[in-house]
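The structure appears below as structure tokens.
The values are calculated or read from the model by the stated rules, or taken from the named source; none is laboratory data. Fair warning: this is a prediction, and the values are worked out from it, not measured in the lab. Because the Cβ atoms are built from the backbone with ideal geometry, glycine has one as well, and the counts that use them run over all protein chains shown.
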């Protein structure tokens, strides 16, 4: 065979004629078009999956941020509520008649109390003012009724234990004595 002789594959193409070669090209184009459509569908499907996953991730991130925003104040309120007994202990220590305790020691305890209360107040702790106020069952817990013709009915006479709000929410109601007018007691 010399180099100008047709190859066996060329012989078969020539023997089939130009129509068969055109039909083969058309068939090949049709298969490529079908393959292209399959790949485009696959591409759209993958793109849709990416968009859904991205939306799922964004929703997860937003939900996590919302949950953290909801839990943070509750955790802070819990911590502040746990520190309130320490405030009570400081108040009892400062109100006690401390014979034999140096004035410097008392001033030190008072300073620590003020620092602790100041830090809690800066975080949002408020003392409930009760003395002389009308009794409010949302803020006060009446533990004793005192008959008094001189005071208005349902007025707080004395605070037995301070109550506290934390960021406008009740942490602990104030324990109070409430005046009751004797004429209204029947």
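Quick check on residue 71: is it surrounded by 10 or more Cβ atoms within 10 Å (Cβ to Cβ), out of contact with any strand residue (DSSP E or B) (no Cβ under 7 Å at 6 or more places or on another chain) and under 30 Å from residue 117 (Cα atoms)?
Here the answer is yes, as residue 71 does meet what is asked.
For (1) farther than 30 Å from residue 180 by Cβ; (2) surrounded by 12 or more Cβ atoms within 10 Å (Cβ to Cβ), each residue gets a yes or a no:
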residue: 62; (1), (2): yes, no
residue: 84; (1), (2): no, yes
residue: 88; (1), (2): no, yes
residue: 94; (1), (2): yes, yes
residue: 115; (1), (2): yes, no
residue: 123; (1), (2): yes, yes
residue: 126; (1), (2): no, yes
residue: 148; (1), (2): no, yes
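Give me the pairs: first residue in region 161-186 and modelled with pLDDT under 90, second residue surrounded by 15 or more Cβ atoms within 10 Å (Cβ to Cβ), beta-carbon distance under 6 Å, and six or more apart or on different chains, which are they?
181/153; 184/153
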